[in-house]
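K.L.:
Below you will find the structure I want to go over with you.
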Amino acid sequence: MKGGDPSVNFCGALLSVTKGEVGGIHEPVFRGNERKYLLDCLDSGVVSSVGSYVLAFEQSVAAFVGSAHAVAVASGTSGLHLALIALGVKPGDEVIVPALSFVATAAAVAMAGAIPHFVDVSPDTWGLDARHLEQYLLRNFRQVGDSVVNAASGRPVTAVVPMHTLGHPCDAAGVRRVADEFGLVVVEDAAESLGSFSNGVHTGRAGQAGVFSFNGNKTVTTGGGGVVVTEDPHVAARLRHLSTTAKVTHRFEFVHDEIGFNYRMPNINAAIGLAQIEQLPTLVDWQRALKDRYQDLMEPLDMGVVRDELPGARSNFWLQAFVLSRPLAKLKNSLMSTCLDAGVAVRPLWQPLHWSRAYEHCPRAKTPVTEDLYSRVVCLPSSALLSAP
Ligand SMILES: *Cc1c(COP(=O)(O)O)cnc(C)c1O
């Protein structure tokens with residue numbers, strides 16, 4: 001390790017990138033048509049949950065991702081909730097969720113009345129691993145009639161939600177093969193991975209549905225919002241129906257044929273989103289260039305490595321991550337304190353989901369990889385602004 005105080009060295013390297021000017025961990029960039037489309041949307045008077053920007057935004061996301069259908073919704077979390085319901089997840093089902101994720105992955109399962117069942121992630125991708133999942137299902141679940149049932153709880157498992165951690169693609173195609181074998185549906189939590197590809201295929205396309213977030217801290221934003229993509233026209237129709245209060249088309253009567261939600265994205269948010277998608281390839285290039293800069297600056301400190309992409313993956317590098325070498329894990333909190341004191345926005349990974357009071361009673365596997373990553377990963381300032389020309 002380089003001489004001197006490791007916290008000071010670590011913070012100093014980061015400060016040479018942020019220069020104290022970019023305060024957040026992932027600030028948005030609005031350098032395209034955002035103002036133009038917003039004003040046009042205001043002038044049109046159509047600001048709410050129907051309008052031409054919603055349609056144009058949905059088409060631009062579908063074209064970028066390469067999916068047949070895209071349905072714009074109020075948030076990534078509501079998109080996950082809708083997708084689970086639309087694909088048949090029922091109250092009392094168990095749904096396989098990685099123990100390492102933002103809490104929304106588990107919350108969406110709980111909102112559907114189902115129970116998250118946490119499994120560990122791969123030390124390479126930091127997401128679900130197909131072979132590990134298959135072994136886990138074979139050991140802990142058994143076939144009962146048409147269902148695959150948790151031998152301990154007696155509850156059926158009906159879905160898997162792989163998540164692409166910090167934008168790095170996990171093996172969602174492998175997870176889909178295992179899920180097909182067991183008759184489970186796959187909803188990809190691709191909230192962080194817009195602009196990330198696995199073997200040339202955009203994330204979010206391996207499952208029956210994939211969900212992107214457009215929250216203000218993601219690669220591109222609509223202020224708040226989400227998009228669900230699917231290849232299946234029936235699933236797309238059902239997502240639209242459930243997201244618009246399950247209202248049946250009628251000239252004047254309010255007829256609702258099931259429990260629905262007010263989950264559509266407002267036109268005014270979609271106007272920002274359309275301009276952001278136009279900028280997406282540029283912003284991803286900047287995020288990728290930022291990774292190279294961090295590697296050049298941080299790796300000579302000999303404290304660990306900057307998270308890189310794996311062979312076959314093209315990552316959007318949504319959040320840059322520094323993996324402390326194991327002996328330095330104990331320094332994680334003091335490093336972060338030094339950085340935060342200096343105005344450098346660093347964050348830890350999320351705590352393992354089963355540590356949270358809301359989910360501590362949920363079934364789970366052993367999660368050594370999740371706990372190891374949590375103990376020594378520091379997320380670095382990641383706004384594309386940091387490498388903008
Ligand atoms: C951001 C995020 C979500 C939720 O998206 P919102 O738009 O904030 O509701 C879900 N899952 C993961 C992994 C996320 O990072």
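A short reminder: the numbers here are calculations on the coordinates, not readings from a lab. Being a predicted model, the structure only gives us computed values, none of them experimental. Cβ sites come from the backbone with ideal geometry, for glycine too, and all protein chains shown count toward neighbours.
K.L.:
For the chain, what is the relative contact order in percent, using Cα pairs closer than 8 Å and at least 6 residues apart in sequence?
P.N.:
Here the relative contact order equals 26 percent.
K.L.:
Picking from Asn150, Val47, Gln276, whose Cα lies most toward the positive end of the charge dipole for region 34-277 (charges on Cβ: Lys, Arg +1; Asp, Glu -1)?
P.N.:
Val47
K.L.:
Have a look at Gly210, Gly226, Leu335 and report the one farthest towards the positive end of the charge dipole of the chain, computed about the Cα centre with Cβ charges (Lys/Arg +1, Asp/Glu -1).
P.N.:
So the residue furthest toward the plus end is Leu335.
K.L.:
Picking from Gly45, Gly12, Gly207, which is most flexible by a Gaussian network model of the chain using Cα springs under 10 Å?
P.N.:
It is Gly45.
K.L.:
May I ask you to derive the FRET efficiency for Asp372 and Met1 from their Cβ-Cβ distance with R0 = 30 Å, giving the value to the nearest 0.05?
P.N.:
Rounded to the nearest 0.05, the efficiency is 0.90.
K.L.:
Next question, about the same structure. Report the percentage of all Cα-Cα pairs in region 34-277 whose separation exceeds 33 Å, rounded to a whole percent.
P.N.:
Here the long-distance tail beyond 33 Å is 18 percent of all Cα pairs in region 34-277.
K.L.:
At most 16 other Cβ atoms within 10 Å and a DSSP loop assignment: could you name the trypsin sites (Lys or Arg not before Pro) in region 6-51 that fit?
P.N.:
Lys19, Arg31
K.L.:
Could you give the dipole magnitude of region 101-216 about its Cα centre, charging the beta-carbon of Lys and Arg +1 and that of Asp and Glu -1, in debye to the nearest 20?
P.N.:
220
K.L.:
With a cap of 14 neighbouring Cβ atoms within 10 Å, and only residues DSSP puts in a loop, list the GluC sites (Glu not before Pro) found in region 1-104.
P.N.:
Hits after loop and neighbour filter: Glu21.
K.L.:
Pairs of lysines 8 or more apart, or on different chains, with alpha carbons under 24 Å: count those in the chain, would you?
P.N.:
The number of close lysine pairs in the chain is 13.
K.L.:
Separate question: Considering only DSSP beta bridges whose two residues both sit in the chain, what percent are antiparallel, to the nearest 5?
P.N.:
Counting only bridges with both partners in the chain, antiparallel ones make up about 65 percent.
K.L.:
Here's something else I'd like to know. With runs of 4+ DSSP H residues as the only contributors, calculate the mean residue ellipticity of the chain at 222 nm using -39,500 (n - 2.57) per run, divided by the residue total and rounded to the nearest 500.
P.N.:
Counting only the DSSP helices, I get -11500 deg cm²/dmol.
K.L.:
Tell me which GluC sites (Glu not before Pro) from region 252-343 have a DSSP coil assignment and no more than 15 other beta carbons within 10 Å of their own.
P.N.:
Answer in residue order: Glu253, Glu258.
K.L.:
Can I ask one more? Along the charge dipole of the chain, pointing to its positive end and built from +1/-1 on Cβ of Lys, Arg, Asp and Glu, which listed residue (Gly167, Pro28, Gly92) has its Cα farthest out?
P.N.:
Going by the charge dipole, the pick is Gly92.
K.L.:
Dipole of the chain, Cα-centred, from +1 at each Lys and Arg C-beta and -1 at each Asp and Glu C-beta, to the nearest 20 debye?
P.N.:
In total the dipole reaches around 360 debye.
K.L.:
Report, in cubic angstrom per residue, the convex hull volume of the C-alpha atoms of region 294-340.
P.N.:
Once divided by residue count, the hull of region 294-340 is 95 Å³.
K.L.:
Please give the charge dipole size of region 247-389, origin at the Cα centre, charges +1 on K and R Cβ atoms and -1 on D and E Cβ atoms. Round to the nearest 20 debye.
P.N.:
So the dipole magnitude of region 247-389 works out to roughly 300 debye.
K.L.:
Using a cut-off of 9 Å between beta-carbons, work out the net charge of the residues near Arg205 (Lys and Arg +1, Asp and Glu -1, Arg205 not included).
P.N.:
Once all neighbours under 9 Å are counted, the net charge is -2.
K.L.:
Springs between alpha-carbon atoms under 10 Å, Gaussian network over the chain: tell me which of Pro162, Pro300, Pro116 tops the mean-square fluctuations.
P.N.:
Taking springs between Cα atoms under 10 Å, the residue moving most is Pro300.
K.L.:
Here's something else I'd like to know. Which of Ala110, Ala13, Ala313 ends up with the largest GNM mean-square fluctuation for the chain, with Cα atoms connected below 10 Å?
P.N.:
The residue that fluctuates most here is Ala13.
K.L.:
Can you tally the net charge around Arg155? Count Lys and Arg as +1, Asp and Glu as -1, for every other residue whose Cβ sits under 15 Å from the Cβ of Arg155.
P.N.:
With Lys, Arg at +1 and Asp, Glu at -1, the net is 0.
K.L.:
Please provide three numbers in whole Å: the alpha-carbon extents of region 253-389 along the principal axes, with the largest listed first.
P.N.:
Computed over the Cα atoms, the extents are 68, 48, 37 Å.
K.L.:
Still on this structure, I have one more. If you take every residue apart from Gly51 with its C-beta less than 13 Å away from the C-beta of Gly51, what net charge results, scoring Lys and Arg +1 and Asp and Glu -1?
P.N.:
-2
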